[in-house]
Amino acid sequence: MSQGSKPTIRDVAKAADVSLTTVSYVLSGRHGGTTRISQPTQDRVLAAVKELGYVPNQAARGMRRGKTDVVAVAIGNLDWPWDRALATAAARILPEHGYQPVILLGDDWRKFMMSGGADGVIIGYFPEAKTDDETVTELARRGVAQVVISGTMKPAGFDVLAPESDEGLAECMEFLTNSHRRIACIRRADPAGRPKSRFAAYAAGLEKAGIPLDESLVRTSQHHPATAYQSALELLQLPDRPTAIFCTDDMEALQAIRAAYRLGLQVPEDIQIVGVGNSTEGQEYDPALTTVGPDPIFEQVVRMLLDRLAGTTPAEGIRVASPWKVHRRGTTQR
């Protein structure tokens with residue numbers, strides 16, 4: 001290496017007494033396959049990199065090894081607090097590990113990932129009842145790192161973080177029905193017949209408490225903030241308005257709080273409001289939102305994908321359970 005010049009991969013190979021191919025493989029971060037590099041050799045290469053101060057050219061490196069150093073995060077809508085929190089966690093953590101996050105909405109991730117747009121993907125956007133997916137299966141066959149947030153899918157060359165919502169939703173409805181008889185619901189567009197839907201948990205909770213389901217107290221938001229807000233205004237202006245609102249998403253619950261304040265109502269003194277999701281935004285709202293959901297999982301999901309990218313999780317995939325519970329905060333009276 002000439003005086004004042006930047007060290008090259010050839011300098012690293014010479015200092016470690018290995019081939020260029022060996023240096024490239026060690027620095028690629030790849031694991032498995034037919035190539036085996038002994039730990040002492042890897043250590044020698046990494047020591048030479050540190051001693052020389054070698055910094056790989058990321059663009060050229062990505063082209064050579066078929067990697068992009070990009071991670072996709074597939075979510076439904078940035079208006080939804082849960083999705084926004086996942087995107088925020090990814091944007092904060094991934095660059096610390098050399099990856100550039102790309103946020104994709106709806107089904108845009110499918111074409112992007114199938115064209116090789118990223119080294120890995122966090123899939124947080126799936127219908128609740130889906131048990132398999134052709135795109136996920138094909139990406140797993142190609143060896144693409146994936147973490148799927150799903151209560152119904154099983155690991156098969158990818159990892160699954162599985163929300164376990166049933167007990168938490170039942171606990172929430174028991175908490176509400178102990179103090180209220182007129183409990184409204186602002187729901188997403190879940191089909192009424194889906195047995196695992198959040199609306200089904202609302203209906204089951206009313207039935208268990210001996211409270212008839214009153215369709216006049218049910219609104220559908222179509223997962224749009226403006227529609228959720230208008231729905232809450234309608235419910236809160238009924239002649240015999242509800243004393244509590246169960247919202248099937250934190251976004252809807254935050255819009256219901258806005259609507260209550262618009263009408264001069266106090267939360268929780270005049271109306272109690274519960275969401276679902278345990279989003280960061282709900283935790284930081286004033287008053288803090290009572291909600292059903294897991295303990296914060298967003299960092300955990302990102303780190304699960306980093307582990308799979310690093311090859312430290314089993315090839316067949318793992319399933320990590322995420323039990324839900326009621327987080328009682330300022331929008332209900334304890």
Inset, instruction - Only residues that are crowded, with 16+ Cβ neighbours inside 10 Å and modelled with pLDDT under 95: list them for the range 221-247, please. - result: Ser221, His223, His224, Pro225
Legend entry - Evaluation of Gly53 against (1) buried (at least 17 other Cβ atoms within 10 Å of the Cβ); (2) at pLDDT 75 or above (one fails), failing number: (1)
Inset, instruction - Within the range 56-86, track down each residue that is part of a helix (DSSP H, G or I) and modelled with pLDDT of 80 or more. - result: Pro81, Trp82, Asp83, Arg84, Ala85, Leu86
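Return yes or no: is Asp270 modelled with pLDDT under 95, assigned by TED's automatic domain parsing to the domain that holds Ser179 and over 15 Å from Leu161 (Cα atoms)?
no
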Inset, instruction - Among the numbered conditions (1) buried (at least 19 other Cβ atoms within 10 Å of the Cβ); (2) in contact with a helix residue (DSSP H, G or I) (Cβ under 6 Å, 6 or more places away or on another chain); (3) not small (Gly, Ala, Ser), tell me where Gln272 comes up short. - result: (2)
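Of the residues Val267, Val276, which single one is over 19 Å from the mean Cα position of the chain (by Cα) and in contact (Cβ under 8 Å) with a residue 60 or more places away in the chain?
Working: Val276 fails: over 19 Å from the mean Cα position of the chain (by Cα).
Unique residue meeting the criteria: Val267.
Can you pull out the helices (runs of 4 or more DSSP H) entirely within the range 87-183 that have at least 1 residues that are under 30 Å from Phe246 (Cβ atoms)? Explain how you work it out, then say what you get.
Working: elements: 108-114, 134-142, 166-177.
Counting at least 1 such residues, we get 166-177.
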Legend entry - Scope the range 282-325; condition under 20 Å from Asp79 (Cβ atoms), of a type outside the set (Gly, Ala, Ser) and in contact with an Asp or Glu (Cβ under 7 Å, 6 or more places away or on another chain); matching residues: Leu289, Thr291
Inset, instruction - State whether one or more residues within the range 103-111 are surrounded by fewer than 21 Cβ atoms within 10 Å (Cβ to Cβ), out of contact with any helix residue (DSSP H, G or I) (no Cβ under 8 Å at 6 or more places or on another chain) and in contact (Cβ under 8 Å) with a residue 40 or more places away in the chain. - result: no
Inset, instruction - Scan the range 322-334 for residues that are within 17 Å of Ala253 (Cα to Cα) and part of a loop (DSSP other than H, G, I, E, B) and jot them down. - result: Arg328, Arg329, Gly330, Thr331, Thr332, Gln333
Legend entry - Qualifying residues in the range 119-140 (those that are surrounded by 19 or more Cβ atoms within 10 Å (Cβ to Cβ) and under 17 Å from the mean Cα position of the chain (by Cα)) - the one modelled with the lowest pLDDT: Tyr125
Inset, instruction - Identify all residues within the range 182-218 that are at pLDDT 90 or above, closer than 15 Å to Val274 by Cα and among the basic types (Lys, Arg); write none if there are none. - result: Arg182, Arg187, Arg198
Inset, instruction - Pull up the range 149-180, narrow it to residues that are within 30 Å of Leu206 (Cβ to Cβ) and of a type in the set (Val, Ile, Thr), then point me to the one that is modelled with the highest pLDDT. - result: Thr177
Inset, instruction - Output the residues belonging to the range 277-334 that are at pLDDT below 95, of a type in the set (D, E, K, R) and closer than 25 Å to Ser197 by Cβ. - result: Glu281, Asp295
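The values are calculated or read from the model by the stated rules, or taken from the named source; none is laboratory data. What you are looking at is a predicted structure, and each value in this text was computed from that prediction instead of being measured. All Cβ positions, even for glycine, are placed from backbone atoms using ideal geometry, and neighbour counts span all protein chains on display.
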